[in-house]
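Chemist: Below you will find the structure I want to go over with you.
The values are calculated or read from the model by the stated rules, or taken from the named source; none is laboratory data. Please read these numbers as outputs of a predicted model, since none were measured by experiment. Cβ atoms come from the backbone with ideal geometry, glycine included; neighbour counts cover every protein chain shown.
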Amino acid sequence: MCLLVVAWNAHPKYRLVIAGNRDEFHKRPSAALGWWKDAPSVLAGRDLEASGTWLGLSPGGRFGIVTNFRDFEKPPPPGAPSRGELVPRFLSGSVDPARFLEQLEDSSPAYGGFNLLVGGPRSLHYYSNRGGDRPRSLGPGIYGLSNQWLDTPWPKLVRTRERFVALLSKAALEAAELFAMLADRTTAGDAELLRAGFPEDWERAVSAPFVVHERYGTRCSTVVLIERDGRTVVHERRFDPGGIQSGASRFQFASGQAADHARPDDADSTDRNEPARPVAEFDASPE
């Protein structure tokens, strides 16, 4: 992901709320949100170049999110493993989130810069392999993340987080309102541009929460709503290079349910080749 807001135990109905945009080069192929055939405990979109993911969940309540860390002075080392493999590795394992990040510390210098959020029903943890800080547990609250450290006040993140806080003040959250928040295409003014090494047209494009650029942009938006009883709903909307929606998926399950009861398809009306089989306590439907 490249823009993310998270509410952890900060709403009376929802244990976890995630809303985020994944920004990527348009030429890099990816698969839509779905249960993975080769890793049935993983519900995620998939980068088809490196086989990893940016955001995923498991039926047992585990979840993980990774963003790249913008660092022009320290590019990924030659032959660096994909940062996208970190999330499915966590989701497919049984090690608790804190221990997973502790074990990752020794090998983390081999990766390009990353931010990683991992958690489960009872805890949320954060780690970046840039800056020298240890992994840490996050208490109840509202967090924002882009391509620097957690809660770095980039203008687009500050604006998105303010809107997120306002939405969380409501008793009921609507996915449509969260998607509207993520769809903000307002670019920064000259005084707010980060000017961190990109060409100016690129720098201006990526200053918006929703990025539209001919080579690189917001490829999908994701909303995750996990209620306190474990009921989980995951929405994904996908976009073409012009920023026009090209597909949408919705998955619903109860945490703790075995993943092999679910079809490993995204059940998207634009991509599906056959109808989804009805399964008790599981829903995968076009939005």
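Chemist: So which of 90, 25, 69 is over 28 Å from residue 243 (Cβ atoms) and of a type in the set (Phe, Trp, Tyr)? Full working, then the answer.
Modeler: Working: 25 fails: over 28 Å from residue 243 (Cβ atoms); 69 fails: over 28 Å from residue 243 (Cβ atoms).
Exactly one residue qualifies, and that residue is 90.
Chemist: A further question follows. Out of (1) within 20 Å of residue 117 (Cβ to Cβ); (2) in contact with a strand residue (DSSP E or B) (Cβ under 7 Å, 6 or more places away or on another chain); (3) not β-branched (Val, Ile, Thr), the odd one out for residue 52 is which?
Modeler: So the condition that residue 52 fails would be (2).
Chemist: Only one residue in 138, 117, 91 is in contact with a Ser or Thr (Cβ under 6 Å, 6 or more places away or on another chain), hydrophobic (A, V, I, L, M, F, W, C) and within 27 Å of residue 209 (Cβ to Cβ). Which one?
Modeler: On the way: 138 fails: in contact with a Ser or Thr (Cβ under 6 Å, 6 or more places away or on another chain); 117 fails: in contact with a Ser or Thr (Cβ under 6 Å, 6 or more places away or on another chain).
None of the others qualify; the one that does is 91.
Chemist: OK, next. Of the conditions (1) out of contact with any Phe, Trp or Tyr (no Cβ under 9 Å at 6 or more places or on another chain); (2) at pLDDT below 95; (3) more than 25 Å from residue 155 (Cα to Cα), residue 76 clears all except one; give me its number.
Modeler: Of (1) out of contact with any Phe, Trp or Tyr (no Cβ under 9 Å at 6 or more places or on another chain); (2) at pLDDT below 95; (3) more than 25 Å from residue 155 (Cα to Cα), only one is false for residue 76: (1).
Chemist: Also: Only residues that are surrounded by 17 or more Cβ atoms within 10 Å (Cβ to Cβ), among the small types (Gly, Ala, Ser) and more than 12 Å from residue 6 (Cα to Cα): list them for the stretch 123-166, please.
Modeler: 128
Chemist: Filter the stretch 82-122 down to residues that are in a loop (DSSP other than H, G, I, E, B) and in contact with a Phe, Trp or Tyr (Cβ under 9 Å, 6 or more places away or on another chain) and give me whichever is surrounded by the most Cβ atoms within 10 Å (Cβ to Cβ). Quick ask: steps written out before the conclusion?
Modeler: As a first pass, look at the stretch 82-122 and keep what is in a loop (DSSP other than H, G, I, E, B): 82, 93-96, 106-107, 111-113, 120-122.
Now restrict to residues that are in contact with a Phe, Trp or Tyr (Cβ under 9 Å, 6 or more places away or on another chain): 82, 93, 112-113, 120.
Values: 82: 16, 93: 14, 112: 17, 113: 20, 120: 18.
Per the stated criteria, the residue is 113.
Chemist: Do the conditions hold for residue 34, that is, is it in contact with an Asp or Glu (Cβ under 6 Å, 6 or more places away or on another chain), crowded, with 17+ Cβ neighbours inside 10 Å and either outside any loop (DSSP other than H, G, I, E, B) or at positive phi (or both)?
Modeler: Judged against the criteria, residue 34 is a match.
Chemist: Follow-up question, since we're still on this one. Is it fair to say residue 177 is touching a helix residue (DSSP H, G or I) at 6+ places or on another chain (Cβ under 8 Å) and outside any strand (DSSP E or B)?
Modeler: So residue 177 fits the description; yes.
Chemist: I've got another one for you. Name the residue that is farthest from the chain's Cα centre (by Cα), counting only residues in the stretch 130-160 that are part of a loop (DSSP other than H, G, I, E, B) and modelled with pLDDT of 95 or more.
Modeler: Among residues in the stretch 130-160 that are part of a loop (DSSP other than H, G, I, E, B) and modelled with pLDDT of 95 or more, the one farthest from the chain's Cα centre (by Cα) is 134.
Chemist: Failed condition for residue 218, given (1) more than 18 Å from the chain's Cα centre (by Cα); (2) at pLDDT 75 or above; (3) of a type in the set (Val, Ile, Thr), with all others met?
Modeler: (1)
Chemist: Going by what's in this entry, would residue 67 be described as β-branched (Val, Ile, Thr), under 20 Å from residue 220 (Cβ atoms) and assigned to a loop (DSSP other than H, G, I, E, B)?
Modeler: no
Chemist: While we're on this one: Hey, does the stretch 236-255 have a residue that's under 28 Å from residue 7 (Cβ atoms), modelled with pLDDT under 50 and touching a strand residue (DSSP E or B) at 6+ places or on another chain (Cβ under 9 Å)?
Modeler: no
Chemist: Does residue 44 satisfy the condition of being without any contact (Cβ under 8 Å) to a residue 60 or more places away in the chain, over 16 Å from residue 219 (Cα atoms) and either surrounded by 15 or more Cβ atoms within 10 Å (Cβ to Cβ) or basic (Lys, Arg) (or both)? Spell out the reasoning first.
Modeler: Details: without any contact (Cβ under 8 Å) to a residue 60 or more places away in the chain: yes; over 16 Å from residue 219 (Cα atoms): no; either surrounded by 15 or more Cβ atoms within 10 Å (Cβ to Cβ) or basic (Lys, Arg) (or both): yes.
Judged against the criteria, residue 44 is not a match.
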